[in-house]
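Everything below concerns the one structure shown next.
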Amino acid sequence: MRQVPAEQVTETVERLFIEANYHLPPDMVSVLEKGEREEQNPVAKSVFRTILDNRRVASEGKFPLCQDCGMAVVFLDMGQETAVTGGNLENAVNEGVRRAYDKGYLRKSIVGEPLFERKNTGDNTPAILHVRVVPGERVAITVAPKGAGSENMSALAMLSPAAGPEGVERFVIETVRKAGPNPCPPIVVGVGVGSDFEGVAELAKRALLRPAESSSSHPRYAALEAELLRKINDLGIGAAGYGGTVTALGVNIEWAPTHIACMPVAVNLCCHANRHCSAEI
């Protein structure tokens with residue numbers, strides 16, 4: 001049995017959240033540069049240039065990519081032959097978040113009770129933690145600071161199986177259309193299909209972790225991704241809502257088995273600062 005000290009988990013989470021908030025992933029830089037080249041609206045094209053300039057300034061480590069440093073979402077794959085020692089796993093993750101948001105001068109945005117008091121916890125904890133037990137001894141951690149502007153525009157529907165691919169397509173496109181400029185386009189669109197009510201939302205969020213220009217390994221889902229990207233860009237919302245030819249930088253679909261009477265669909269939108277960072281312990 002491999003032993004992983006809780007402090008090592010904490011240090012890894014701390015490092016990843018600081019890096020994710022200051023450095024845009026290479027795949028996002030690539031699609032933003034491509035978007036700037038392809039955008040035909042001069043005003044929207046200038047928005048792309050501003051986003052890329054902002055990315056360069058943030059990468060110097062003085063200012064985060066966005067003032068909304070996000071909810072601390074953590075995806076952790078824990079090998080079944082591994083044990084965390086010297087502390088509790090969830091506490092170790094939250095301590096890493098606490099240190100990152102303090103050390104990195106990141107905005108702390110979490111309220112402890114959501115309806116009545118809404119008092120800020122002061123350290124951006126607790127994290128949203130998704131743990132999967134996987135074979136072997138590896139411990140893989142991916143962090144994704146998720147801003148509220150795009151999160152608020154996300155949606156979930158329990159469709160009838162009879163709705164078919166056309167129903168999924170209509171729901172995704174209508175979600176983006178209703179969102180308009182609110183999620184800070186250009187956006188990346190994460191789509192989940194299948195599982196159940198709570199599982200489909202996680203699928204949509206995990207979809208955002210894929211490279212923006214990647215395609216599903218399933219050819220029919222890959223074709224649907226391409227069709228959705230084309231139709232979303234035909235909406236003409238454009239960068240920052242100024243109109244244009246590039247509203248979405250990518251559409252990623254993740255799917256899972258579901259009940260014979262169900263077809264859950266979730267859409268998790270993310271702004272152009274689709275921040276995520278990974279490491280293996």
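The values are calculated or read from the model by the stated rules, or taken from the named source; none is laboratory data. Computed from a predicted model, the values in this text were never measured in an experiment. Neighbour counts are summed over all protein chains in view; Cβ atoms, including those assigned to glycine, are modelled from backbone coordinates with ideal geometry. Surface accessibility is based on the protein's heavy atoms, side chains included, excluding ligands, DNA and RNA. Shrake-Rupley method; radii C 1.70, N 1.55, O 1.52, S 1.80 Å.
Determine the distance separating the Cα centre of the stretch 173-203 from the Cα centre of the stretch 207-281; give it in Å without decimals.
Comparing the Cα centres of the stretch 173-203 and the stretch 207-281, I get a distance of 8 Å.
Go ahead and estimate [θ] at 222 nm for the chain from helices alone: -39,500 (n - 2.57) per DSSP H run with n ≥ 4, summed, over the residue count, rounded to 500.
-12500 deg cm²/dmol
Choose one answer from Ser109, Ser59, Ser217: the residue with the largest mean-square fluctuation in a GNM of the chain with alpha-carbon springs under 10 Å.
Answer for the Gaussian network model of the chain: Ser217.
If amide H atoms are built 1.01 Å from N in the plane of the peptide, which residues on other chains or at least 5 residues away come under 5 Å of the amide H of Thr245?
Here Gln40, Asn41 satisfy the definition.
Treating only the Cα positions of the stretch 148-281 as identical point scatterers, give the base-10 log of I(q)/I(0) from the Debye formula at each q in 0.12, 0.15 Å⁻¹.
With no solvent term, the Cα-only Debye profile gives -0.41, -0.64.
I need the phi-derived Karplus couplings for the stretch 57-62: 6.51 cos²θ - 1.76 cosθ + 1.60, θ = phi - 60°, integer Hz, Gly and Pro marked x.
5, 4, 5, 6, x, 9
Keeping the other protein chains in place, figure out the carbon and sulfur percent of the accessible area of the chain, with a 1.4 Å probe.
54
Which pairs in the list Lys45/Lys103; Lys108/Lys205; Lys45/Lys119; Lys34/Lys205; Lys45/Lys231 are over 28 Å apart, alpha-carbon to alpha-carbon?
Lys45/Lys103; Lys45/Lys119
Whose amide H sits under 5 Å from the amide H of Gly79, counting only residues 5 or more places off or on another chain, with H placed in the peptide plane?
Val134, Arg138, Val139, Ala140
Say the dipole of the stretch 149-274 comes from +1 at the beta carbon of Lys and Arg and -1 at that of Asp and Glu; which of Leu156, Met263, Phe171 then lies farthest toward its positive end?
Value computed over the given set: Phe171.
Report ³J(HN,Hα) in whole Hz for each residue of the stretch 122-131, in order, from the Karplus equation J = 6.51 cos²θ - 1.76 cosθ + 1.60 where θ = phi - 60°; Gly and Pro get x.
x, 9, 6, 9, x, 6, 8, 10, 10, 10
Most mobile of Asn252, Asn124, Asn41 per a Gaussian network model of the chain (Cα springs, under 10 Å)?
Of Asn252, Asn124, Asn41, the most mobile in the Gaussian network model is Asn41.
According to the square roots a ≥ b ≥ c of the eigenvalues of the Cα gyration tensor, what is the shape class of the chain, taking rounded for a/c under 1.5, prolate for a/b larger than b/c otherwise, and oblate for the remainder?
Oblate shape, in that a/c is at least 1.5 and b/c is the bigger or equal ratio.
May I ask you to evaluate 6.51 cos²θ - 1.76 cosθ + 1.60, the Karplus curve with θ = phi - 60°, for each residue of the stretch 185-197 and list the ³J(HN,Hα) values in order in whole Hz, giving x for glycine and proline?
x, x, 10, 10, 10, x, 10, x, 9, x, 6, 9, 4
Sketch the reach of a paramagnetic label on Glu38 as a point 7 Å from Cα along Cα-to-Cβ, and name the residues of the stretch 150-170 whose backbone nitrogen lies under 12 Å away.
Within reach of a label on Glu38: no residues.
Give me the accessible area per residue for the chain, probe 1.4 Å, as a whole number in Å².
I get 47 Å² per residue for the chain.
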